[in-house]
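Enquirer: Below are the structure tokens for one structure; questions will follow.
Only the coordinates and a few stated rules stand behind these numbers; no lab work does. Keep in mind it's a predicted model, so treat the numbers as computed, not measured. Because the Cβ atoms are built from the backbone with ideal geometry, glycine has one as well, and the counts that use them run over all protein chains shown.
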Amino acid sequence: MRLRIAHSTTYVYEPAASGVIQILRMTPGSHDGQYVANWQIDVSSDTRLDMQLDSFGNITHVLTLGQIEELTIKVEGLVETHNTGGVLKGADERFPPSLFMRATDLTQVNPEMATFARTLQSESEDDTLGFLHALLVQLNEHMTFDIDPTNTGTSAKEAFALKRGVCQDYAHIFIACARSAGVPARFVSGHFLRTDGEADQEAGHAWAEAFVPKLGWVGFDSTNGICTTDAHARVAIGLDYLGAAPIRGTRYGGGKETLSVAVKVDQAGRQSQS
């Protein structure tokens, strides 16, 4: 599948910020099942983008600006994907899977979540892949997608209690439950071609990857109740959202900050059927 992706983020500072530093994790890499045919970054203000790989192997760009009132960052490109049944191969793996057992503030479990995971694991009779599929299904049924009650700082425990949230919350809960059951898991940010044909989206997508013996890393999109397919374009990984967020940074001075995001994901070369 050929996915055409455009992601635009605009910041407005009132009054102007005296300085801005941003780290961008918005550029996907190639691996088995994913080939980046072309990709470009456009920043509304003149600045140099310093490209490097972070500790997880994500492609990052750092930009630094002086006084500024408005900043727009746009990325767009074409990614060719193939369905690998959710199994990730050929990616730049810099750490052993055990590193992704490390809990973070956003991926801790409470007793209810631990019981939830332990019950599913016992019913799967120590079959790791079976447990993860059960977790995928049950989490999708437990949660309701809702953009209002959570934000980027909402923890897995808070979202699980609310039974509501966005893809980031689904991923955090999946990761927390998997780790509590002894399965390494990590956060993935990226993009998803919706099945309803709606190309315009309010944000990027997120899901989890869990490590399965003899298979390796497998992608689980609990928001949609499926393993990852060729409709997913993988961009960055981390222990949680903070390590894989498309944009993170800081500003100096200024007052109110307004953020707006627009994402479009469609299939390139799609032909209408008669």
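Enquirer: Return Asp92, Asp169, Asp221 ranked ascending by Cβ neighbour count within 10 Å, so the fewest neighbours appear first.
Expert: Fewest-to-most Cβ neighbours within 10 Å comes out as Asp92, Asp221, Asp169.
Enquirer: Could you give me the ³J(HN,Hα) list for the stretch 153-162, computed from phi with Karplus coefficients 6.51, -1.76, 1.60 and θ = phi - 60°, whole Hz, x at Gly and Pro?
Expert: So the J values, rounded to whole Hz, are x, 6, 8, 4, 4, 5, 5, 5, 5, 6.
Enquirer: Now a separate question. Relative to the first principal axis of the alpha-carbon coordinates of the chain, what is the inclination of helix 128-142, with its axis defined by its Cα atoms, in degrees from 0 to 90 and to the nearest 10?
Expert: 70 degrees
Enquirer: Something else about it: List the longest stretch of the chain that has no exposed loop site; here a site is one of the GluC sites (Glu not before Pro) assigned by DSSP to anything other than H, G, I, E or B, with at most 12 other Cβ within 10 Å. Show your work: numbers first, answer last.
Expert: Working: sites that count: Glu125, Glu198, Glu202.
Free of exposed loop sites, the longest segment is 1-124.
Enquirer: Which residue, Pro184, Gly197, Asn140, has the largest displacement toward the positive end of the dipole of the stretch 136-197 when charges sit on each Cβ (Lys, Arg +1; Asp, Glu -1)?
Expert: Pro184
Enquirer: If you don't mind, another one. Rounded to the nearest 5, what % of the DSSP beta bridges within the stretch 97-244 are antiparallel ones?
Expert: Values: 19 of 21 bridges.
Approximately 90 percent, going by the DSSP bridge assignments.
Enquirer: From the helices alone, meaning DSSP H stretches of at least four residues, give me the mean residue ellipticity at 222 nm for the chain, per-run term -39500 (n - 2.57), in deg cm²/dmol to the nearest 500.
Expert: Details: 5 runs with 53 residues, N = 274.
That comes out to -6000 deg cm²/dmol.
Enquirer: How high is the relative contact order of the stretch 97-244? Use alpha-carbon pairs under 8 Å, at least six apart in sequence, and give a whole percent. Working shown, then result.
Expert: Details: 280 pairs, mean separation 39.9, N = 148.
So the answer I get is 27 percent.
Enquirer: How big is the antiparallel share of DSSP beta bridges in the chain, given as a percent to the nearest 5? Intermediate results must be reported in sequence, preceding the final value.
Expert: Values: 73 of 75 bridges.
Percent antiparallel among DSSP bridges in the chain is about 95.
Enquirer: Using a Gaussian network model on the chain with a 10 Å cutoff between Cα atoms, which of Gly219, Gly238, Gly90 fluctuates the most?
Expert: Highest fluctuation of the listed residues: Gly90.
Enquirer: Express the relative contact order of the chain as a whole percentage, based on alpha carbon pairs under 8 Å and six or more residues apart in sequence.
Expert: Relative contact order here is 30 percent.
Enquirer: Looking at the square roots a ≥ b ≥ c of the eigenvalues of the Cα gyration tensor of the chain, which shape do they give, rounded for a/c under 1.5, prolate if a/b is larger than b/c, or oblate?
Expert: Judged from the Cα gyration tensor, the chain comes out prolate (a/c at least 1.5, a/b above b/c).
Enquirer: Apply the Karplus parameterisation 6.51 cos²θ - 1.76 cosθ + 1.60, with θ equal to phi minus 60°, to every residue of the stretch 174-185 and state each ³J(HN,Hα) to the nearest whole Hz, in sequence, with x for glycine and proline.
Expert: 3J(HN,Hα) across the stretch 174-185, in whole Hz: 4, 4, 4, 5, 4, 4, 5, 8, x, 10, x, 8.
Enquirer: Now a separate question. With the chain treated as a Gaussian network of Cα nodes joined by springs under 10 Å, which of Ile147, Ile73, Ile226 yields the largest mean-square fluctuation?
Expert: Ile147
Enquirer: On a 0 to 90 degree scale, rounded to 10, what angle separates helix 111-123 from the longest Cα axis of the chain?
Expert: With rounding to tens, the tilt is 50 degrees.
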